[in-house]
Amino acid sequence: MKKKKLNKRNGFILNRAAHRAALLYFCPMQFLFISGGELTVVLLVALFVLGPKRIPEVARGLAKAIKTVRNASNEIKREIADAAEKDSAISELKTTVQDAKTTLNEVVDAVKRE
């Protein structure tokens with residue numbers, strides 16, 4: 001039996017997956033299940049390591065890299081969808097050709113009998 005977890009905010013009992021999904025839906029800033037305290041520590045370490053002058057520069061570079069990865073991912077998804085669409089069109093065309101071939105063979109057989 002799955003372990004149930006009580007959501008203190010509204011009193012519902014949820015399983016772990018539903019609880020995480022609800023957290024992501026209601027708390028969009030909580031990504032990758034990093035709590036606010038952990039995020040603060042990461043930001044403070046970045047501030048000490050990079051310094052206040054380089055943080056905006058690094059953030060822009062990181063945002064640009066994320067955008068590039070997202071665009072590449074979307075392009076791959078589009079290519080896969082196009083390939084699937086072509087596949088379905090090709091299989092539909094093969095079915096149509098097969099039906100036409102069957103009909104033509106029936107007509108040829110009927111003509112030969114007469």
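Each value in this text was obtained by applying a stated rule to the coordinates, not by laboratory testing. Since the structure is predicted, the reported quantities are computational estimates derived from the model, not experimental observations. Quick reminder, even Gly has a Cβ in these numbers, built from the backbone with ideal geometry, and neighbours come from all protein chains shown.
Here are the numbers for this structure:
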| quantity | calculated |
| --- | --- |
| Phi-based couplings in Hz for the stretch 96-106 (Karplus 6.51, -1.76, 1.60; Gly and Pro marked x) | 5, 5, 4, 5, 5, 5, 4, 5, 4, 4, 5 |
| Listed residue (Ala72, Phe48, Ala83) projecting farthest to the positive dipole end of the stretch 47-86, Cβ model | Phe48 |
| For the stretch 48-114: lysine pairs under 24 Å (alpha-carbon distance), excluding those fewer than 8 apart on one chain | 8 |
| Additional length obtainable on full extension of the chain from Asn74 to Val108, 0.36 nm per residue less Cα span | 7.2 nm |
| Tensor-based shape of the stretch 34-113 (alpha-carbon gyration tensor, a/c under 1.5 rounded, otherwise prolate or oblate) | prolate |
| Total charge dipole magnitude, the stretch 34-113, about the Cα centre, Cβ charges on Lys, Arg, Asp, Glu only, Debye to nearest 20 | 440 debye |
